[in-house]
Amino acid sequence: MRWLKENSLALAFLILFVLALAGQAVAGMLDYNDQELALGGEPVSILQYVTSSTFAVDVAENWQSEYLQFFLFIVLTVWLVQKGSPESKKVGQEGLESDEEQQVGRYAHDGSPAWARTGGLRLWLFGNSLALVMGAIFVLSWLAQSVAGLAAYNSERLDDLRDPVGWGAYVTSPEFWNRSLQNWQSELLAVLSMVVLAIYLRQRGSPESKPVGTSHAATGVEN
């Protein structure tokens, strides 16, 4: 029970993710089959659908936009600030901060990760590992979207008796960028809303909010 309590936030989001992904698979299959029947085609099973390029591109295009959002937020908040937002560092604290503030090298303590006590490449990698992993997942999911999207796009072209296109032509096509940008703009708007609304609005007890009685001008203050 203690383990469940200590990891309840991650477990809750994992369960919600699995349920949402399963729901997307079922709803997507029903929609796909409805379109196929309308065109005189054959319906597919749930297994056929979740292993299809149609399902893969829908999942990948959402994943890549989410990880782009996280990557940009992690990197930009190192150097940029927003007065009054708990999502920002305090004004005047922009930058990478000192070794003492970051508790690395000779300022590391007994509980510090091993690589925080080192220097050179290992310290740089560990000190940027969150952004590096988020960026890598974004790139990989972007590539997955491009490959799955190409297969789905060419399938539609063949159904319309048009010639298939290559990967380079697809990733420079309006189809690909329409899929990408409609997700990017929604994710960036969500981050903007969180940064700005958290200046003036509160959620009691949430670490993403300032304490209810804190001044609107207070920056970098969280519950």
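The values are calculated or read from the model by the stated rules, or taken from the named source; none is laboratory data. Keep in mind that what you see is a predicted model, and the values were worked out from it rather than measured. Please note: Cβ atoms are built from the backbone with ideal geometry, for glycine as well, and neighbour counts cover all protein chains shown. Accessible surface areas use protein heavy atoms only, side chains included; no ligands, DNA or RNA. Shrake-Rupley method; radii C 1.70, N 1.55, O 1.52, S 1.80 Å.
Looking at Ser180, Ser173, Ser146, Ser88, can you tell me which residue is open to solvent by less than 50 Å² (accessible area, probe 1.4 Å), small (Gly, Ala, Ser) and within 30 Å of Val212 (Cβ to Cβ)?
Ser88
Would you say Ser206 is among the polar types (S, T, N, Q) and farther than 17 Å from Phe73 by Cα?
On the way: among the polar types (S, T, N, Q): yes; farther than 17 Å from Phe73 by Cα: yes.
Criteria met by Ser206.
How many of the residues in segment 153-170 are open to solvent by less than 90 Å² (accessible area, probe 1.4 Å) and hydrophobic (A, V, I, L, M, F, W, C)?
Residues flagged as open to solvent by less than 90 Å² (accessible area, probe 1.4 Å) and hydrophobic (A, V, I, L, M, F, W, C) within segment 153-170 amount to 2.
Please specify each residue of segment 91-118 satisfying the condition of being in contact with a Phe, Trp or Tyr (Cβ under 8 Å, 6 or more places away or on another chain) and open to solvent by 60 Å² or more (accessible area, probe 1.4 Å).
Result: Glu94, Asp99, Glu100, Pro113, Trp115.
Kindly list the number of the only condition in (1) polar (S, T, N, Q); (2) touching a residue at least 24 places away in the same chain (Cβ under 8 Å); (3) assigned to a helix (DSSP H, G or I); (4) assigned by the TED database to the domain that holds Met194 that fails for Gln24.
Going through (1) polar (S, T, N, Q); (2) touching a residue at least 24 places away in the same chain (Cβ under 8 Å); (3) assigned to a helix (DSSP H, G or I); (4) assigned by the TED database to the domain that holds Met194 one by one, Gln24 breaks only (4).
Please go through (1) surrounded by 14 or more Cβ atoms within 10 Å (Cβ to Cβ); (2) modelled with pLDDT of 95 or more for Asn62 and return the number of the only condition it doesn't satisfy.
Going through the list (1) surrounded by 14 or more Cβ atoms within 10 Å (Cβ to Cβ); (2) modelled with pLDDT of 95 or more, Asn62 breaks only (2).
Tell me, which residue of segment 27-59 that is among the small types (Gly, Ala, Ser) and assigned to a helix (DSSP H, G or I) is most open to solvent (accessible area, probe 1.4 Å)?
The qualifying residue most open to solvent (accessible area, probe 1.4 Å) is Ala38.
Residues that are touching a Leu at 6+ places or on another chain (Cβ under 9 Å) and in contact (Cβ under 8 Å) with a residue 60 or more places away in the chain: which helices (runs of 4 or more DSSP H) entirely in segment 86-192 hold 3 or more of them?
129-159
In segment 65-76, what residues are in contact with a helix residue (DSSP H, G or I) (Cβ under 9 Å, 6 or more places away or on another chain) and open to solvent by 40 Å² or more (accessible area, probe 1.4 Å)?
Across segment 65-76, the qualifying residues are Glu66, Tyr67, Phe70, Phe71, Leu72, Phe73, Ile74, Val75.
Taking the condition touching a residue at least 12 places away in the same chain (Cβ under 8 Å), of a type in the set (A, V, I, L, M, F, W, C) and assigned to a helix (DSSP H, G or I), does Val196 pass?
Against the criterion (touching a residue at least 12 places away in the same chain (Cβ under 8 Å), of a type in the set (A, V, I, L, M, F, W, C) and assigned to a helix (DSSP H, G or I)), Val196 qualifies.
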